[in-house]
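Visitor: Please see the structure below; I have some questions.
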Amino acid sequence: CYSSPGLLESALGFSRLLFDTYDKRIVSLMPTDAYTAFCQCELCRGKDTPERGFQGMMSDYVWDFMNRAAAEIAKTHPDREIMCYAYNTYLLPPDKIARFQPNLRVGICGGRKAFHDPAKRDQMRDIREGFLKKLPSGRISLWEYYNVTPGVPCYFPRIIAEDLRYLKGRIDGSMIEF
C-alpha cells in the first residue's frame, strides 16, 4: 500500500539505516518484480490510472510514493538518493507529477532488444523523454535485457551504439541483464 504512512516510515527508516550504517549513496525502493495488483484500501482508491493501459496503470501511484520518499530523505540526507526503475505497470512517466525531487534517480527497464523495430524504439524513446523532462538532473539510468533467447545472450552492437549516441549526456549508467 503506497498510500500507507507506515510503509513510507518503514522505507525511510530502511533508507536512513543504509545511509548511516553502510554509507550507501543510493537506496532502491523499487517495488517487487511482477508488481501488478493495486491496493484496494480506502487510501488508495482512485489513485490508479487504468485508462493508461498496463504500462501506465500504476505510474502515478508508484512514482508519487518515490517522489515523497525522496523529499523526506532530502531533509535528513541531502546528499543521498532514492532510486526506482520504471517497469511493468509503472513504466510510463507519471502524468500527475510535473517535476521529480532532485534526489530521485530514475532508471528505465527494457528497450534495446526491440529497437530493430522503429516503432518500438520510438515508443521507448518517448518513455525516456517523458522521464527526462521531469528530472532536474536530466539523466536516467537503464536496465537492459540482452537475453532475447533464454540462456543465450544476444548482442546488437549497431543498435547499442546508435542508442548510446542518442543518450549521450543523458544517462548515468546501465545494468545489463543476460
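Visitor: Could you please let me know if residue 20 is at pLDDT 95 or above and surrounded by fewer than 15 Cβ atoms within 10 Å (Cβ to Cβ)?
Guide: On the way: at pLDDT 95 or above: yes; surrounded by fewer than 15 Cβ atoms within 10 Å (Cβ to Cβ): yes.
Against the criterion (at pLDDT 95 or above and surrounded by fewer than 15 Cβ atoms within 10 Å (Cβ to Cβ)), residue 20 qualifies.
Visitor: I would also like to ask the following. Only one of (1) loosely packed, with under 12 Cβ neighbours inside 10 Å; (2) under 16 Å from residue 131 (Cβ atoms); (3) acidic (Asp, Glu) fails for residue 33. Which number is that?
Guide: With (1) loosely packed, with under 12 Cβ neighbours inside 10 Å; (2) under 16 Å from residue 131 (Cβ atoms); (3) acidic (Asp, Glu) applied to residue 33, the lone miss is (2).
Visitor: Go through (1) open to solvent by 50 Å² or more (accessible area, probe 1.4 Å); (2) part of a helix (DSSP H, G or I); (3) closer than 21 Å to residue 131 by Cα; (4) touching a helix residue (DSSP H, G or I) at 6+ places or on another chain (Cβ under 9 Å) for residue 51 and report which single condition fails.
Guide: Unmet for residue 51, out of (1) open to solvent by 50 Å² or more (accessible area, probe 1.4 Å); (2) part of a helix (DSSP H, G or I); (3) closer than 21 Å to residue 131 by Cα; (4) touching a helix residue (DSSP H, G or I) at 6+ places or on another chain (Cβ under 9 Å): (4).
Visitor: So residue 100 passes all but one of these: (1) open to solvent by 60 Å² or more (accessible area, probe 1.4 Å); (2) assigned to a loop (DSSP other than H, G, I, E, B); (3) within 30 Å of residue 20 (Cα to Cα); (4) not acidic (Asp, Glu). Which condition number does it fail?
Guide: Among (1) open to solvent by 60 Å² or more (accessible area, probe 1.4 Å); (2) assigned to a loop (DSSP other than H, G, I, E, B); (3) within 30 Å of residue 20 (Cα to Cα); (4) not acidic (Asp, Glu), residue 100 violates only (1).
Visitor: Any chance you could count how many residues in segment 115-138 are more than 18 Å from the chain's Cα centre (by Cα) and either open to solvent by less than 30 Å² (accessible area, probe 1.4 Å) or over 25 Å from residue 178 (Cα atoms) (or both)?
Guide: Residues in segment 115-138 being more than 18 Å from the chain's Cα centre (by Cα) and either open to solvent by less than 30 Å² (accessible area, probe 1.4 Å) or over 25 Å from residue 178 (Cα atoms) (or both): 1 in total.
Visitor: Residues being within 21 Å of residue 162 (Cβ to Cβ) and either among the hydrophobic types (A, V, I, L, M, F, W, C) or not in a helix (DSSP H, G or I) (or both): count how many of those fall in segment 103-119. It would help to see each step written out before you state the result.
Guide: Going residue by residue through segment 103-119, those that are within 21 Å of residue 162 (Cβ to Cβ) are 107-119.
From what's left, either among the hydrophobic types (A, V, I, L, M, F, W, C) or not in a helix (DSSP H, G or I) (or both): 107-111, 114-117, 119.
The total comes to 10.
Visitor: Could you grab me the full set of residues in segment 9-60 that are touching a residue at least 12 places away in the same chain (Cβ under 8 Å), more than 21 Å from residue 107 (Cβ to Cβ) and among the aliphatic types (A, V, I, L, M)?
Guide: Within segment 9-60, just 43 meets the criteria.
Results for (1) crowded, with 18+ Cβ neighbours inside 10 Å; (2) in a loop (DSSP other than H, G, I, E, B); (3) of a type in the set (A, V, I, L, M), shown as yes or no for each residue.
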| residue | (1), (2), (3) |
| --- | --- |
| 47 | no, yes, no |
| 75 | no, no, no |
| 79 | no, yes, no |
| 83 | yes, no, yes |
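Visitor: On to the next question. Only one residue in 42, 9 is over 16 Å from residue 62 (Cβ atoms) and in a loop (DSSP other than H, G, I, E, B), so which one is that? Steps first, please.
Guide: Working: 9 fails: in a loop (DSSP other than H, G, I, E, B).
Being over 16 Å from residue 62 (Cβ atoms) and in a loop (DSSP other than H, G, I, E, B) holds for just one of 42, 9, which is 42.
The values are calculated or read from the model by the stated rules, or taken from the named source; none is laboratory data. Please read all numbers here as calculations on a predicted model, not as lab measurements. We place every Cβ from the backbone using ideal geometry, glycine too, and count neighbours over all the protein chains shown. What goes into the accessible areas is simple: the full protein's heavy atoms, side chains included, and nothing from ligands, DNA or RNA. Shrake-Rupley method; radii C 1.70, N 1.55, O 1.52, S 1.80 Å.
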